[in-house]
Structure formats: C-alpha cells, structure tokens
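Just so it is clear, none of the values below were taken in a lab; they were calculated from the coordinates. Please read all numbers here as calculations on a predicted model, not as lab measurements.
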C-alpha cells in the first residue's frame with residue numbers, strides 16, 4: 001500500500017494544481033450576483049469531469065496486475081510520451097503567455113461576469129469546459145489511475161488509493177466552496193484578492209508543474 005501511495009501521491013499533488021480553473025472559480029465566488037449558487041454549479045461541472053476521468057482511467061488501464069509495472073515497455077512508452085507532452089505544453093504555455101494570456105484573462109473575466117454565464121446551467125457547463133481544457137491535470141491524473149490498476153495490492157487498498165487521489169486533486173476546487181459557505185461575508189473580499197494573485201502567477205505555476213512532472217515521467221521511462 002505504501003509503495004502504491006508513493007506512486008499516486010506525487011501525481012495527484014501535481015494534478016491538484018489548476019490555476020486557470022481556480023482563477024475563474026474565485027472570480028465567480030467574488031462576484032456580486034448569485035456567487036454561491038453559480039460557484040456550486042461551476043464546481044459540480046469540474047467534479048463531473050474529474051469523476052469521469054477516474055472511471056475512464058481505471059477502465060482503460062485495467063489490463064491485469066501483470067501489465068503496468070515500471071519495467072513494462074508499454075508503460076515506459078506511455079510515461080515517456082506523457083512526459084514529452086507535458087514539456088511541449090510547458091513551452092506552449094510560455095509562448096502563449098507572451099502574446100495572449102492578458103487578453104485571455106480579460107475574456108475569461110468578462111465571461112464570468114456576463115449575463116449569459118449568470119445562469120446555473122451556464123456555470124455548470126463552464127466548469128466542464130474548463131476542466132476538460134485543463135490538460136496538465138488530465139495528463140497527471142490518468143497516470144495516477146494507471147498506477148492503481150497496475151498494482152498488485154488488494155482491491156480495498158486500490159480503492160483507498162483512488163479516493164486519496166480524487167480528494168487531493170479535487171481539494172483546491174472544493175475548498176473555496178466550503179469557505180464561501182462557512183464565511184459568506186468576508187470570503188467574497190478574500191477571493192477577490194486571491195483571484196488577482198492566482199491570475200498574476202498562473203502561468204508560472206502551470207509551467208512549473210508541467211516541467212517538473214514532464215521531467216519526472218521522462219525519468220521514470222528512462223530508468224524503467
């Protein structure tokens with residue numbers, strides 16, 4: 001069990017870093033118009049995608065206990081490919097930041113405050129779209145599910161590992177909703193300030209995660 005968690009936890013921690021998803025969520029929660037209802041709908045959309053990734057990750061990678069060991073050539077190829085893709089994403093994110101991130105942030109902010117996105121179904125759909133476009137999280141969460149299905153531990157331990165990975169990945173998205181419900185008054189001001197910080201550093205955070213875990217997965221593929 002300990003060996004499985006040692007493989008799953010780093011990937012889940014990396015998948016939990018979703019600056020763009022979080023920035024838009026904080027913007028919704030700090031808005032004056034139905035922030036709790038819209039924020040909850042947005043969170044529900046992201047959780048639906050994460051649940052779907054869990055099911056897909058477990059089903060697609062469930063090829064028996066013999067497949068998926070670190071020495072398996074297919075596993076090494078998958079790790080190497082995902083690592084390479086993450087490094088390419090890091091380069092793409094850096095180049096995009098130079099030209100379009102400021103305009104993109106303004107567009108996202110306008111979308112979050114527009115009348116169309118004020119409806120609950122629109123917020124729910126926005127959560128789905130944002131999570132589906134969160135490639136760094138997807139590329140780290142799916143290998144975590146693969147590590148679970150590849151392990152030879154009992155089913156009960158595998159279930160614990162899946163729950164741990166899901167909770168860690170979801171925690172940064174669920175936490176603002178909990179805080180907004182517990183402290184509805186001051187949390188709006190907190191989230192407005194935090195949103196500005198996340199937007200300011202979201203490119204650095206995203207690139208950092210993509211580079212660190214891109215190198216990590218490439219290293220796993222090379223070491224076998």
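For the chain, the longest principal axis of the C-alpha atoms and the axis of helix 120-132 are separated by about 40°. With springs only between Cα atoms under 10 Å apart, run a GNM on the chain and tell me which of 121, 19, 186 wobbles the most. Fluctuation is largest for 186. Computed over the chain with a Gaussian network model linking Cα atoms closer than 10 Å, the most mobile of 78, 128, 138 is 78. Using alpha-carbon positions, what is the distance between the centroids of the stretch 172-192 and the stretch 12-64, in Å? For the stretch 172-192 versus the stretch 12-64, the Cα centre distance is 16 Å. Expressed as an acute angle from 0 to 90° and rounded to the nearest 10, what is the orientation of the C-alpha long axis of helix 35-60 relative to the principal long axis of the chain? Result, in degrees: 10.
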